[in-house]
Structures are given as structure tokens and as C-alpha cells.
1. Out of region 134-168, which residues are over 30 Å from the mean Cα position of the chain (by Cα) and either in a loop (DSSP other than H, G, I, E, B) or touching a residue at least 40 places away in the same chain (Cβ under 8 Å) (or both)?
2. Look through region 95-122, keep the residues that are touching a helix residue (DSSP H, G or I) at 6+ places or on another chain (Cβ under 7 Å) and within 14 Å of ligand 1 (Cβ to nearest atom), and return whichever of them is farthest from residue 163 (Cα to Cα).
3. Return the only residue of 317, 276, 309 being free of Cβ contacts under 8 Å to residues at least 40 places away in the same chain and under 14 Å from residue 333 (Cα atoms).
4. Just to be sure, is residue 106 under 23 Å from residue 76 (Cβ atoms) and either surrounded by fewer than 19 Cβ atoms within 10 Å (Cβ to Cβ) or at pLDDT below 95 (or both)?
5. Within region 89-109, does at least one residue satisfy the condition of being within 29 Å of the chain's Cα centre (by Cα) and either assigned to a helix (DSSP H, G or I) or on the phi > 0 side of the Ramachandran plot (or both)?
6. Residues in region 76-88: is at least one under 22 Å from residue 248 (Cα atoms) and more than 12 Å from ligand 2 (Cβ to nearest atom)?
7. What is the number of the single condition among (1) buried (at least 16 other Cβ atoms within 10 Å of the Cβ); (2) more than 28 Å from residue 64 (Cα to Cα); (3) without any contact (Cβ under 8 Å) to a residue 60 or more places away in the chain that residue 281 does not meet?
8. Go through region 185-239 and tell me which helices (runs of 4 or more DSSP H), entirely inside it, have 3 or more residues that are surrounded by fewer than 16 Cβ atoms within 10 Å (Cβ to Cβ).
Ligand SMILES: Nc1nc2c(ncn2[C@@H]2O[C@H](COP(=O)(O)OP(=O)(O)OP(=O)(O)O)[C@@H](O)[C@H]2O)c(=O)[nH]1
Ligand SMILES: [Mg+2]
């Protein structure tokens, strides 16, 4: 599961990546100027459980971000082939949009144009692929579902619209598997604000209305991430914030991957485990260990917020808030689970 941080040259991609990864994971370089970072997903629920159990280990869920790098003309709106290749390997794309003034750019920031230009690039790249397929299908005299979906995609892209908005169902999507269409990949937008426009920026208002958009100041967030806990708390207080904006953004990206976390809690370890939304208890057990999935008997489940409220598992049992669930139970985000198994 990878989240690609992308966008046009000199828009703050590496700064945002730094904000997400500093003091919160490890970065490593890959091919084509790509940098990877395994990033812990900040999770107040894990913190709350750790406060109660004082475990030997506290473990957060992790997701991989990649900075796809910068190649191309500053102020230009073309994506290099290296960047495009890296983007094709992402499960979610994050476009970093410049909303700050910069001496590197001749022009003032123009986020609306940048968002549109990025969309147009993805649409054109996909259209090239879809058109080639159309040609091949007609050469082959093919007439099946693949052809129908392909021609619907083509018409949609010719209108300049991204495929993720076409509303294809699961069966139709299967016909597009393996061709890495970029406008089909879920997309988040980060408006990278100037430090002195954190509150007043119109792009903040735009982001607040759009669940797939986010506004933050990359430079400020990168600074925050470098600080130790005490210094960070002090700086946040000065800014009137509860936590760095990057923390909430990481959670947004996690959700965009369609991931939720269930929790395990005890004096050894308190931990968040990433699973796909809709995962059954038995499959979820496999996230912990394949033996537990194989030997699954039952899942003991309670809600993390109930534990925080009532203080102990014994109290929850007394209140009937401690449940036993079978293998088909669909695990929810924030469930605390203990698997009973037998191998
Ligand atoms: N004022 C301000 N400057 C920023 C912000 N984010 C990045 N910058 C500056 O903008 C310049 C480019 O930032 P990078 O993070 O390197 O941008 P990039 O998109 O990774 O650039 P390339 O990889 O070359 O495409 C740097 O000088 C940053 O210090 C921000 O939020 N506010
Ligand atoms: Mg960069």
C-alpha cells in the first residue's frame, strides 16, 4: 500500500514528505529519484490504551509514502516520465499544490490552475492508453464487456474528466485491471499554504468543504516534526493547535487506502493493526498471525472508548460491553480484539 506524493516541480512535495516522515518513520531512496518512507499512523486510541495498560511495547499502524521526486520546468505543467512511472505504482495519489509565494517561481501561486492542469495531465495520459486499446480491440474484432467499458472510458476522458468519477462497478473495473490508469487512482489534494496565511487563506476554506482536500503549511509542519515532544507541544500551544496538521492528514491518507485499524491491548503490547474495511474476524486474525486465522475459535471484542470510560476489561464484562463474536463478524475501526484460537 503506497501513497504517492506528487505534483508539479517546486510545489513543496519534499517538504510535505519531510513533515510526514521526520521523527515518524524511516526514509530510503529508490530508483528514479523516488524516496520512500514507512510512516506511523498517529492514533490517539493506541495512546489511550497504552495509558491504561502501560505495555512494554506500543505499536502504530504504518503506511508507505513516496516522494516521487521533481523533474521538469519550474512553473511548467508537464510531468516527466520518471514521475509518471512512480505514480503508476501508487495506490493513492496526493497532489501537492503550491499556495505560497516563492522566489523560484516567476508567477504568484495559482492553485486552481495547478489542480486543473494536474487533472488534465492524468486524463491525457490515460486517454493515450485507452485509445491504443480501442485500436487493438477493433483490430482484433473484439466485441465484449471490455470494449464497452473501454469506449465509455474514452468518451469520459475526452470530456476531460477523471475515471475515478465515472462510477464504474466492480465488474467493470476488473476489465481495467493491470493497466494502471492514473485518473482512476484515488486522489487527495494538499494545498501547501504560506506560513502567514494559515488562518486567512481562501484555500483553507476550499479544503474544508472538500473531503479529499487538505490545507497545511508544509514548511511549518516540517519544522514541527523535527522538534522533540515537549518543544512540539509548546509550539502547538502557541499556534492554538491540538496536534500537527500532518497527523490528521496521515489519517486521511490511511482512510483513502480503504484501511481501518483494529486494536489489540495488553500489558505486553498495545497495537493498531491495519485491515481493509469489511474484513471478517477470521481474516483479521490472519493480520496478527496465520496460525491464529487457521485455528480461529472466537473473537473477544470491546470498544476502545468503552474501556477508556470504564477503566478495565472486568468492568466492561460486568456491563455487558465485552462481546464474543464468530468468524464472520465484520471488524470495525477501533474495535479492541482478542482472538481465541487453537492450533
Ligand atoms: N513559504 C513556504 N515555502 C515552502 C513551503 N513548502 C515548501 N517551501 C519552499 O519551496 C521550495 C521547494 O520545496 P520542495 O519541498 O523542495 O519542493 P518540491 O516540490 O519537492 O520540489 P522538486 O522536487 O524540485 O519538484 C523550498 O525552498 C521550500 O523551502 C511552504 O509551505 N511555505
Ligand atoms: Mg522534491
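The values are calculated or read from the model by the stated rules, or taken from the named source; none is laboratory data. Remember, predicted model here, so these are calculated numbers, not experimental data. Note that each Cβ is placed from the backbone with ideal geometry, even for glycine, and that neighbours are counted across all protein chains shown.
1. Selection gives 140, 141, 142, 143, 144.
2. From region 95-122, those touching a helix residue (DSSP H, G or I) at 6+ places or on another chain (Cβ under 7 Å) are 95-99, 111, 122; that's our starting set.
Then keep just the ones that are within 14 Å of ligand 1 (Cβ to nearest atom); that gives 95-99, 111.
Details: 95: 16, 96: 20, 97: 21, 98: 24, 99: 26, 111: 22 Å.
Here the answer is 99.
3. Numbers: 317 fails: under 14 Å from residue 333 (Cα atoms); 309 fails: under 14 Å from residue 333 (Cα atoms).
Only one candidate passes the filter, namely 276.
4. Numbers: under 23 Å from residue 76 (Cβ atoms): yes; either surrounded by fewer than 19 Cβ atoms within 10 Å (Cβ to Cβ) or at pLDDT below 95 (or both): yes.
Here the answer is yes, as residue 106 does meet what is asked.
5. no
6. No, every residue in region 76-88 fails to be under 22 Å from residue 248 (Cα atoms) and more than 12 Å from ligand 2 (Cβ to nearest atom).
7. Condition not satisfied by residue 281: (2).
8. On the way: elements: 202-209, 218-226, 229-239.
Output list reads 202-209, 229-239.
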